[in-house]
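The values are calculated or read from the model by the stated rules, or taken from the named source; none is laboratory data. Remember, it's a predicted structure, so these values are computed and weren't measured experimentally. Quick reminder, even Gly has a Cβ in these numbers, built from the backbone with ideal geometry, and neighbours come from all protein chains shown. Each accessible area value is taken on the protein alone, full model and side chains, heavy atoms only, with ligands, DNA and RNA left out. Shrake-Rupley method; radii C 1.70, N 1.55, O 1.52, S 1.80 Å.
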Amino acid sequence: MAEIKKLETAKLMKKVMADHFYEIDAAVKSGNPKVAWCTSVGPAELLRALGFVVYFPENHAAILGASRAANDCIPAANAIGYSPEICSYLTSDIGAYLKGFTPLSKIYDGIESIPKPDVLVYNTNQCRDVKDWFEWYAREWKVPCFGIESFVNVGAVTKDHVDSIAAQMRKLAADITAATGSKMDEDLLKDTVRLSRKCSDLWKDVLEIAANKPSPLTFFDGTIHMGPAVCLRGTQVAVDYYETLLKELRGWVAQGVAAVAGERHRIYWEGMPIWGKLRENAQLFLGLQTCLVASTYCNSWIFTALDPDDPWNSMARAYTELFIVRDDDFKEDYYRRMLDIFDFDGIIFHDAKTCPNNSNCRYGLPQRFSKETGIPFITIDGDLNDLRCYSEEQAITKIEAFIEQLDG
Amino acid sequence: MVEMKPLFVGIDIGSTTAKAVIIDAEGVIIAQAIQRSGYDFAAVSESVLAEALESAGSKRDRVAAVTSTGYGRRNVEFADFQRTEILCHAKGVHHYFPEPVTVVDIGGQDNKIIHLGAQGERLNFTMNRKCAAGTGAFIEEIAYRLDLKLEDLNGMAEASATEVAIGSFCTVFSCTEILGMARRGTPIGGIIKGVFRSVVKRVSEMDALDGKVVMTGGVVAHNPIVRVMLGEALGCEVGVPPHPQVIGALGAALIAGELSVDPV
Ligand code: SF4
């Protein structure tokens, strides 16, 4: 069996993520600095400039999924009225809390629980579920919860959109100050936005290195190495991390190293990862000599609009410009741009049962794109965390049949 | 001494039935066999091949190559090649219909729709989602609940002048719905006809069925009424190849023949 190639930088990643969790844990235990929870594409820069250390529960939920603990936790949340049909990040995370469980204490000695925050801050740009999720903890812990109510299904991002979200962001900062006493440092905000933009640019370079043939990077690598872009954007640590990773990847390209030995096909993955099956799926594609070269999912932490000289408006724009916020015309055009960059042979759409927001195969988009470009596609039924919604045998057969189809 | 010509075998281990087809080098079917898959796929692959060889009056040593397919394809230890059921069905159908067609396969536990080009190339395909509604398993479940023999269903539906509409997507809900109808005294033939109609509806919802449509699988093999119903739904004649239940196994055998000449 072919072996999954490991990047050396993965070791550094372990340290970076450990430092991240220990920093938050220490802050909770000492009461300083204050801790904020933030959604994965929420206003992290703003929270850092208010002096918070920032924790991302979606990252925790993904760890629950990847370690397959999610399936023991989800039923506990279902039982208190959170349906098996809604976001399984939410149900995994709340279920784990109800069971008094966190994988963090297994991985990191001395961390006993998820961090109780001083404030919970969401942005509904990705979905409404994050708001419900954070509000549950707000009630449980009697902690203030604020958010940005985003636009959805946006075509072109206009000045009106930006003005509205920027105004919400300013009000959000004021509300957080009123609730917690933490004050906005405008210079720190500029610097954080600068670092976040730097992180975003580097992360984009990392992902686009997969345009090389053969690609040194797969979607599966991306889901692992995106940790700092999600949890540490706006810090120097994340910038340093991606500089190191990029250097290693460029070295691989120079040596002609392929992530998938004998790469025969290149595929675009559209949708959430199936966290509990990452390794199996990575192995499956390796065996099929097929590289998943790019994904909307990993691209979600690219925020090219961020501009340190205009932090508020640029944050408003960056968090509204995201793929998940946009309408189908934008999405179709986006795939076309990805096709130009990555030159893939097919698309796999993951229809995640509990996340309609990241399942872009429910309104005819795959069919339209395929008709326009001739790029074939398949849809895999599954889920991000709830493996009860995933039929592995059927998925494998579909994927193998798709590759046979590409073989001609 | 007469030289024995080589034979090629396709073994299709589906979730419900295991099929073996033996062909000669010209692609002519020499023998076939169908058995219940059971739980021991390795054992059934041996026994279904043994049965087919016996009906061919032939011995194992004449078999030049074997391709396995279907849900249990990895359990066929003696297979030289493994291919998915999508490819094998495409191959089998193209053998009889060498033209662009849309294949509708209703199997024991899953359905597939495969669009084929003029050369038999797969343009795209869909498989049903995780639910058994609209598959052979759905029909079996209904027969079991109503205590009817599977082989009687087609005749009952054909003889019925009435037909009820089954509203639910879900097998469990449909069963409840149907038992309710039976309790209220709805004629059973009309219910069964409605069950077949619902199978046809489920499969028609999976994908656009355009151009010439060809049906395969065990359900159409045993219940020709579904072919008529799909034809009514599409407003055109639906094709069915000979031996529709073993089309996947035939495709696998054809692939065995091709690959042993020109291994890829
Ligand atoms: S975008 Fe999907 S996976 Fe993410 S929090 Fe919302 S519903 Fe859950």
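Exactly one of these conditions fails for residue A:124: (1) of a type outside the set (A, V, I, L, M, F, W, C); (2) more than 18 Å from residue A:34 (Cβ to Cβ); (3) surrounded by fewer than 16 Cβ atoms within 10 Å (Cβ to Cβ). Give me its number.
(3)
Scan B:158, B:140 and give me the residue that is at pLDDT 95 or above, in the same structural domain as residue B:213 (by TED's automatic domain parsing), over 30 Å from residue B:256 (Cα atoms) and of a type in the set (D, E, K, R).
Result: B:158 is the single residue among B:158, B:140 that is at pLDDT 95 or above, in the same structural domain as residue B:213 (by TED's automatic domain parsing), over 30 Å from residue B:256 (Cα atoms) and of a type in the set (D, E, K, R).
Rundown of residues vs (1) at pLDDT 95 or above; (2) crowded, with 21+ Cβ neighbours inside 10 Å, yes/no style:
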position: B:191; (1), (2): no, yes
position: B:195; (1), (2): no, yes
position: B:201; (1), (2): no, no
position: B:204; (1), (2): no, no
position: B:209; (1), (2): no, no
position: B:224; (1), (2): yes, no
position: B:231; (1), (2): yes, no
position: B:236; (1), (2): no, no
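Assess whether residue B:179 counts as being open to solvent by 50 Å² or more (accessible area, probe 1.4 Å) and in a helix (DSSP H, G or I). Break it down into steps so the answer makes sense when it comes.
Numbers: open to solvent by 50 Å² or more (accessible area, probe 1.4 Å): yes; in a helix (DSSP H, G or I): yes.
For residue B:179, the condition - open to solvent by 50 Å² or more (accessible area, probe 1.4 Å) and in a helix (DSSP H, G or I) - is met.
With a cut-off of at least 2 residues that are out of contact with any Phe, Trp or Tyr (no Cβ under 8 Å at 6 or more places or on another chain) and either under 27 Å from residue A:60 (Cα atoms) or away from the ligand (no atom under 16 Å from the Cβ) (or both), name the strands (runs of 3 or more DSSP E) lying wholly within segment A:261-379. Give the derivation first.
On the way: elements: A:265-270, A:290-295, A:346-352.
Correct list: A:346-352.
Can you give me the ranges of the helices (runs of 4 or more DSSP H) entirely in segment A:165-239 with at least 3 residues that are open to solvent by 50 Å² or more (accessible area, probe 1.4 Å)?
Values: elements: A:186-208, A:219-225, A:227-231.
In segment A:165-239, A:186-208 are the helices (runs of 4 or more DSSP H) which contain 3 or more residues that are open to solvent by 50 Å² or more (accessible area, probe 1.4 Å).
Can residue A:83 be described as more than 30 Å from residue A:305 (Cβ to Cβ) and not β-branched (Val, Ile, Thr)? Break it down into steps so the answer makes sense when it comes.
Details: more than 30 Å from residue A:305 (Cβ to Cβ): yes; not β-branched (Val, Ile, Thr): yes.
Yes: the conditions hold for residue A:83.
Within segment B:28-41, can you find the residues that are open to solvent by 30 Å² or more (accessible area, probe 1.4 Å) and not aromatic (Phe, Trp, Tyr)?
Answer for segment B:28-41, where residues must be open to solvent by 30 Å² or more (accessible area, probe 1.4 Å) and not aromatic (Phe, Trp, Tyr): B:28, B:29, B:30, B:32, B:34, B:35, B:36, B:38, B:40.
Please return the ranges of strands (runs of 3 or more DSSP E) entirely within segment B:1-81 where 1 or more residues are free of Cβ contacts under 8 Å to residues at least 40 places away in the same chain.
Values: elements: B:7-13, B:17-24, B:29-36, B:63-69.
Filter on segment B:1-81 gives B:17-24, B:29-36.
Those residues that are under 18 Å from the mean Cα position of the chain (by Cα), assigned to a loop (DSSP other than H, G, I, E, B) and buried (at least 24 other Cβ atoms within 10 Å of the Cβ), I need them from segment A:59-118; list them, please.
Residue satisfying the conditions is A:87 alone.
Could you grab me the full set of residues in segment A:367-398 that are modelled with pLDDT of 95 or more, open to solvent by 30 Å² or more (accessible area, probe 1.4 Å) and under 15 Å from residue A:88 (Cα atoms)?
A:387
Which of (1) open to solvent by 10 Å² or more (accessible area, probe 1.4 Å); (2) among the hydroxyl-bearing types (Ser, Thr, Tyr); (3) within 14 Å of residue B:103 (Cα to Cα) does residue B:216 not meet, given it meets every other one?
(1)
Could you check residue A:110 against (1) in contact with a Leu (Cβ under 9 Å, 6 or more places away or on another chain); (2) away from the ligand (no atom under 16 Å from the Cβ) and say which number it fails?
Result: residue A:110 passes all but (1).
Which residue, of B:62, B:73, is within 14 Å of chain A (Cβ to nearest Cβ) and either under 21 Å from the mean Cα position of the chain (by Cα) or open to solvent by 10 Å² or more (accessible area, probe 1.4 Å) (or both)? Walk me through how you get there before you give the answer.
Values: B:62 fails: within 14 Å of chain A (Cβ to nearest Cβ).
So the residue among B:62, B:73 that is within 14 Å of chain A (Cβ to nearest Cβ) and either under 21 Å from the mean Cα position of the chain (by Cα) or open to solvent by 10 Å² or more (accessible area, probe 1.4 Å) (or both) is B:73.
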